[in-house]
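This report refers to the structure that appears directly beneath it.
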Amino acid sequence: MVSSAHAELRDLTLRPPLPAPGALLGLAVLSIASVLLVARHAGTSFGWSTVAAIALAPVAVTSVAALGHRAAGARFAVAAGLVYALLPFAGRLYFYGAFLDTYDHRVMPAFVGLERTGWFALGVVVCIATVVLPERVAAALGLLGAVAAAIAWIDVSWSDLFGQFHETTWSPTLLSFLPLAATIGLAIRRPWLAAAVTGWLAVLVLRGANRAYTGGGFWLSLAAAAPQIALLLTSVALLVPPLRLRRSPALRRDPAS
């Protein structure tokens, strides 16, 4: 295990898990534009939190792309970065009724760091740590965190939380099964990485389940997992088996024969 950990660190040093510079620059610009659009939509006044969110945006999307590259290569990394930049707006489509006002003015800004900036930054730091640490170490930390969170917060009425989902989201069933499908998709490729990512998400889900839902407490807790959520949503695509072109018998024959 020690030798494999050293090998992973050496690989990360020699081959940083990032897409091409041009793609990374495009993702950085898109993530900054996302922050500005959210600020305009939420009516956020320009201040230090806006400056911090703009500064964090390229770091956050780069961490998502790096994690995506580690999971399934360069194309997947770009896709994960795009999902991250669009996540606040896509999330808005999932809610309805009076809760939309809470989402627009509290949850949506928190998912890009305009609100609860320190909490959002913690999620970015955890994402970066998941990239640079050996996968087994990151997985162990994620699972330990999930166990500790379960001991502290698992005593909560899950049926009440599901009822709140039913009153504010279009499909609580989708919300229940989508994380499982995404985790399976990621685990097919990188099981240790899946354990690290879902371990951190479990910590925030358990923490959020003990917050007041009507004020957005559950979703505000998940703001510290915005990079990980983007990766998991993209990982649903990994459930589809990769296409492989079959060569015809004529192509398989030796041309010299």
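Read-outs throughout are calculated quantities, based only on the coordinates presented, and are distinct from any laboratory measurement. As the structure is a computational prediction, the values presented were derived from the model and not from experiment. Every residue, glycine as well, gets a Cβ built from its backbone with ideal geometry; the counts of neighbours run over all protein chains shown.
Some notes on this structure:
- Total formal charge among the other residues, if their Cβ is under 10 angstrom from that of His41, Lys/Arg +1 and Asp/Glu -1: +1
- Longest site-free stretch - the chain; sites: chymotrypsin sites (Phe, Trp or Tyr not before Pro), DSSP loop, at most 15 other Cβ within 10 Å: 171-257
- Cα-Cα separations in the chain greater than 27 Å, expressed as whole percent: 40
- Between Ser171 and Arg75, the modelled label-to-label distance comes to 2.5 nm, taking each label 7 Å out from Cα in the direction of the beta carbon.
- Charge context of Arg92, other residues only, Cβ under 13 angstrom, K/R +1, D/E -1: -1
- Taking a ≥ b ≥ c as the square roots of the eigenvalues of the Cα gyration tensor, the stretch 48-162 is classed as oblate, since a/c reaches at least 1.5 and a/b does not exceed b/c.
- 0 to 90° range, to nearest 10: angle between helix 191-209 axis and the chain longest Cα axis: 10
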